[in-house]
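*Asks:* Handing you this structure, nothing more for now.
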């Protein structure tokens, strides 16, 4: 199963997201303190149908970037384009999933899902049918009339997915959506998201600070460093699709994780070598973005042996 | 927030949902006979102590017995007080209830509007904050002479006096409630396609509604506590008037009857607001 992996897929396809020379500064607390420069001259392109992970430490501007894509804030300079159109404000074409599900606690699950159509005055039989169908897809068919406080953490997240998907967004923006979940639920949600993306192929920009999560989910991982936020490296993930949680135990996955981790850590000891722990590794070439599929398709049994 | 952690299969299977739901339903508070029994026990104990003290004291002016109080209450429900051109306890209660409802409703509207503006416009908040902080600790009683001079001795000063007690409570409750709405909730609404106005009405205000109703309950309690003071102002009717007048005439059983009536009305009004709160906030059902 092939995936449109390169942002520069071709001149004919319009990128789903285009970020050009974006700069964003937050005001300082006092007049003397300079404002914090969250992003400066940041570029990023995301191809249609791509699953892009933004990975970096907190404060590296990844959430700032996502907020600008969602339309919650404006860049001080530069351009943010979604589907070729400048982002001027929030809209249902760009679905946002927050760290917590942010369901409306006074509405039942079904009414939460129907919030979007109702707000746009497009609540008709078709929207209702789609909402019911989506609740079935996310495994909440029996929880339609339940209120958010009656759902478990994972169920709430899935309800939030359904609420966003009912609007048929062209782009999904996720800001560490599983960060607050326990490890077991998080794995379940990652599996759910992989299945979902496999079916719908919506473009996804996914912010995380978890290396494993980024490697498991993304087509590309954009490793960022902070203050101001810059792209440290863009790493292609050549693991075959569809992926499953079991893939995290393969050798190629472990190698990939190491490449990402090294890219992350490179900023902290720039220049003083990245030997240390690994020793041999045999993946010295891995630093550069866009390693060929040769590494990616190493066989799985070997991977498990090494693990 | 207690959450049941998800089973690994839960992500895919709708079959995983029903048991979790059942579990969740068990967490919600429900009516408990046991709790009710203990509550009644407390009331009975208090009445027993009252009865004992009145028996030992044996002076109905200082403390009438429970039976005497209850029979007086019953008597004046249908008997006019004072006998000449008076009202029954029922009618007095209606008068007080109407006064409180009018003042409270006006105070709630003013408080919510002012609080809403304060929560939205920073400069307004900066200007009004010290004013509210100064007026809040003042007992409404302190304003009585002033309001009589300003508004005379009709219904107006009584109305204003209740408003003065209600408004600061409602402003503080409204500002706190609106401040507590997570910005992400409004962002979620906007990114689902809501216009700014729709998001304001259906999310910001709606989300602040339960704590505002709690503020309304507090304000209602405050209004009842000030009714006696309010009806000191040249009143000829109302429960506060009954209590004041009966006290002057050393009719202690009637004083206690008036207090009992205020307590009953207060509970009724509060229950209605609690019902409204349950309606507004599903997680308390």
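None of the figures in this text is laboratory data; all of them are computed from the coordinates on show. Since we're looking at a predicted model, the values are computed, not measured. Counting neighbours? That spans all protein chains shown, and the Cβs are built from the backbone with ideal geometry, glycine included.
*Asks:* Relative to the longest principal axis of chain B, what angle (0 to 90°, nearest 10) does the C-alpha long axis of helix B:155-179 take?
*Replies:* So the helix axis and the longest Cα principal axis differ by about 20 degrees.
*Asks:* Further question on the same structure: Which order do peptides A:62-70, B:199-207 fall in by mean Cβ count within 10 Å, highest first?
*Replies:* Peptide ranking by packing, descending: A:62-70, B:199-207.
*Asks:* What's the extension gain from residue B:236 to residue B:34 if we count 0.36 nm per residue and subtract their Cα-Cα distance?
*Replies:* That pair, residue B:236 and residue B:34, stretches by 68.3 nm at full extension.
*Asks:* How high is the relative contact order of the range B:64-284? Use alpha-carbon pairs under 8 Å, at least six apart in sequence, and give a whole percent.
*Replies:* 27 percent
*Asks:* For chain B, find the longest principal axis of its Cα atoms and tell me its angle to the long axis of helix B:252-280, 0 to 90°, nearest 10.
*Replies:* 10 degrees
*Asks:* Given only helices, namely DSSP H runs of n ≥ 4 each adding -39500 (n - 2.57), what is the per-residue ellipticity at 222 nm of chain B, to the nearest 500 deg cm²/dmol?
*Replies:* -24000 deg cm²/dmol
*Asks:* Springs between alpha-carbon atoms under 10 Å, Gaussian network over chain B: tell me which of B:118, B:220, B:170 tops the mean-square fluctuations.
*Replies:* Among B:118, B:220, B:170, the largest mean-square fluctuation in the Gaussian network model of chain B belongs to B:118.
*Asks:* How many nm is it between the label spots at residue B:52 and residue A:129, if each spot is 7 Å from the Cα in line with the beta carbon?
*Replies:* With each label placed 7 Å out from Cα toward Cβ, I get 7.4 nm.
*Asks:* Residue B:68 to residue B:276: FRET efficiency via 1/(1 + (r/R0)^6), r the Cβ-Cβ distance, R0 35 Å, to the nearest 0.05?
*Replies:* 0.40
*Asks:* Pop a pseudo-label 7 angstrom from the Cα along the beta-carbon direction at both residue B:91 and residue B:110 and give the gap in nm to one decimal.
*Replies:* 3.0 nm
*Asks:* With r defined as the distance between the Cβ atoms of residue B:45 and residue A:20 and R0 fixed at 56 Å, what FRET efficiency is calculated, to the nearest 0.05?
*Replies:* FRET efficiency, residue B:45 to residue A:20: 0.15.
*Asks:* Something else: For a quick check, take a GNM of chain B with Cα springs below 10 Å and name the residue from B:34, B:136, B:217 with the largest mean-square fluctuation.
*Replies:* Answer for the Gaussian network model of chain B: B:34.
*Asks:* Next up: Which whole-number percent gives the relative contact order of the range B:106-164, counting Cα pairs below 8 Å spaced six or more residues apart?
*Replies:* 36 percent
*Asks:* Can you give the FRET efficiency to the nearest 0.05 for residue B:75 and residue B:209, using r as the Cβ-Cβ distance and R₀ = 51 Å?
*Replies:* 0.75
*Asks:* May I pose another question? Relative to the longest principal Cα axis of chain B, at what angle does helix B:66-78 sit, 0 to 90 degrees, rounded to 10?
*Replies:* Compared with the principal axis, the helix lies near 90 degrees.
*Asks:* Return the distance in nm (one decimal) between the two label points of a simple spin-label model at residue B:122 and residue A:77, each offset 7 Å from Cα along Cα→Cβ.
*Replies:* Here the answer is 2.5 nm between the modelled labels.
*Asks:* Quick one: grab the alpha carbon gyration tensor of chain B, order the square roots of its eigenvalues as a ≥ b ≥ c, and give me rounded if a/c is under 1.5, else prolate or oblate depending on whether a/b is larger than b/c.
*Replies:* Since a/c reaches 1.5 but b/c is at least a/b, the shape of chain B is classed as oblate.
*Asks:* Under the definition of partner shielding as Cβ atoms of other protein chains within 10 Å of a residue Cβ, what is the mean value for peptide A:106-117?
*Replies:* 3
*Asks:* What residue among B:113, B:66, B:44 shows peak mean-square fluctuation when chain B is described by a Gaussian network model with Cα springs under 10 Å?
*Replies:* Evaluated over chain B, the most mobile residue of the options is B:44.
*Asks:* Compute the separation of the alpha-carbon centres of the range B:261-285 and the range B:106-133 and state it in Å as a whole number.
*Replies:* Here the two parts' Cα centres lie 26 Å apart.
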